[in-house]
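The values are calculated or read from the model by the stated rules, or taken from the named source; none is laboratory data. Every value quoted in this text rests on a predicted model; they were computed, and no experiment measured them. Every residue, glycine as well, gets a Cβ built from its backbone with ideal geometry; the counts of neighbours run over all protein chains shown.
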Amino acid sequence: MSDVHVKIYHGYGHTHDLIVYGHVLKSRIVVQKHYTSRILINIIHLLRLFFIKPLPRAKVRLYWKGGYIDTLTEDDGFFKFEWQSQHEISTGWHPVKVDYIDTKGNVAATCEGKVYVPHSTQYAFISDIDDTVMVSYSATKFRRLRELLIKNPRTRKQFEKVADWYQQLTIAHANAETPNPFFYVSSSEWNLYDYLVEFFNYNKLPEGIFLLNQVKRWYELFKTGKTKHTGKLLRIARIMEAFPKQQFVLIGDNSQHDPDIYTSIAAKYPQKIFAIYIRNIRPENEVATKQVLATASAAGIHTFLFKGSEEAREHGRTIGLIQA
């Protein structure tokens, strides 16, 4: 099975709690390398990301600092490694390797990845992607699908000044040598991982850890970007528990469920949430969004409903998050 492919996503953690995710697929994901405005080419490349064949119950082995850990993939080919390091780990990026072990015990595929150990900064940031960073029209199924199909990561539009704002947040009460960590928790599927990484790199957004939704097959494409409340909430809660020293700032939008999810997180971890920012992408939801955020505000958490990134940046200055 030489065509089997192991895919690793950036992991995160610290000495006593490290996490790496990935997939084992029966064929390699074709990643777009040459970008064009031609709609047909963009459609073909996007569709290829969903023509995948996961390998269920496959044995995978992670190598770390002279040792290794084995596990099996789930029915959708997804694997997760969570472990403690026997040695203290310095901050920054650390290499890992994962092998697929076939039924004969041979290494049939391998992949190298990275684990990020954040600096012990005062703040950490959790951000949604669709309609928070990237213009996606998530609330309208067909408009979202149209954006995905006809554009590529370099022609997708980001909200004005969002990269400038996020870059300032990376050094809020920190500096470029010890930046604040960013986690991008989205309803987008793991199929779009390389697509999103290219969008973030191209638009000079902060490098971070992506935590996405379950892979979908080509026949589920029309359901892209749809997930249950609990999935996103649990992913955010997992980050909170992994980093007990940091205070978190949550950034999202009101096109779908971010206000409810974030206020639920704030109710569970009131001492760990410094601020909640919600982009007002759906004016018709404005009143309801303010009512939801009021519960977090009553608990002493800074909340702000904004339209433009400049507004949010200025608000950050007034509460001392961003230094003038």
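Observations on the structure shown:
- Filtered residues of the stretch 294-324 (kept if on the phi < 0 side of the Ramachandran plot and small (Gly, Ala, Ser)): ALA294, ALA296, SER297, ALA298, ALA299, GLY308, SER309, ALA312, GLY316, ALA324
- Exactly one residue out of LEU205, LEU211, LEU234, LEU250 is of a type in the set (A, V, I, L, M, F, W, C) and in a helix (DSSP H, G or I), and it is LEU234.
- Residue satisfying condition, being under 25 Å from VAL117 (Cβ atoms) and more than 22 Å from the chain's Cα centre (by Cα), within set ARG61, ARG57: ARG61
- Meets criteria (outside the structural domain of PRO206 (by TED's automatic domain parsing), modelled with pLDDT under 95 and more than 22 Å from VAL133 (Cα to Cα)) for ALA242: no
- Subset of the stretch 287-303 [surrounded by fewer than 18 Cβ atoms within 10 Å (Cβ to Cβ) and in contact with a strand residue (DSSP E or B) (Cβ under 7 Å, 6 or more places away or on another chain)]: LYS290, SER297
- A search for C-beta distances below 6 Å between a residue of the stretch 105-131 that is over 17 Å from LEU212 (Cβ atoms) and in the same structural domain as LYS65 (by TED's automatic domain parsing) and any residue that is basic (Lys, Arg) and in a strand (DSSP E or B), counting only pairs 6+ apart in sequence or on different chains, returns GLU112/LYS97.
- Enumeration of residues in the stretch 261-301 that are closer than 19 Å to ILE239 by Cβ and not in a helix (DSSP H, G or I): TYR269, PRO270, GLN271, LYS272, ILE273, PHE274, ALA275, ILE276, TYR277, ILE278, ILE301
Every residue, every condition in (1) in contact with a Phe, Trp or Tyr (Cβ under 8 Å, 6 or more places away or on another chain); (2) more than 30 Å from THR155 (Cα to Cα), yes or no:
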residue	(1), (2)
ASP99	yes, yes
THR103	no, yes
VAL107	yes, yes
THR110	yes, yes
VAL115	yes, no
GLN122	no, yes
SER136	no, no
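- Residue in the stretch 220-228 that is within 28 Å of TRP93 (Cα to Cα) and not in a helix (DSSP H, G or I) present: no
- Inside the stretch 169-178, residues that are surrounded by fewer than 19 Cβ atoms within 10 Å (Cβ to Cβ) and within 20 Å of GLY13 (Cβ to Cβ) make up a count of 2.
- Residue in the stretch 56-68 that is in contact with a Phe, Trp or Tyr (Cβ under 7 Å, 6 or more places away or on another chain), surrounded by fewer than 18 Cβ atoms within 10 Å (Cβ to Cβ) and among the hydrophobic types (A, V, I, L, M, F, W, C) present: no
- Among residues of the stretch 131-143, those that are closer than 30 Å to MET240 by Cα and either at pLDDT 95 or above or part of a helix (DSSP H, G or I) (or both), counted: 5
- Residues of the stretch 157-192 that turn out to be part of a helix (DSSP H, G or I) and in contact with a His (Cβ under 9 Å, 6 or more places away or on another chain), as a count: 1
Each row is one residue, and each column tells you yes or no for (1) of a type outside the set (Ser, Thr, Tyr); (2) in contact with an Asp or Glu (Cβ under 6 Å, 6 or more places away or on another chain); (3) within 17 Å of SER127 (Cα to Cα); (4) in the same structural domain as LEU169 (by TED's automatic domain parsing).
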site: GLU207; (1), (2), (3), (4): yes, no, yes, yes
site: VAL215; (1), (2), (3), (4): yes, yes, no, yes
site: ASP260; (1), (2), (3), (4): yes, no, yes, yes
site: ILE273; (1), (2), (3), (4): yes, no, yes, yes
site: LYS290; (1), (2), (3), (4): yes, no, no, yes
site: ALA298; (1), (2), (3), (4): yes, no, no, yes
site: ARG313; (1), (2), (3), (4): yes, no, yes, yes
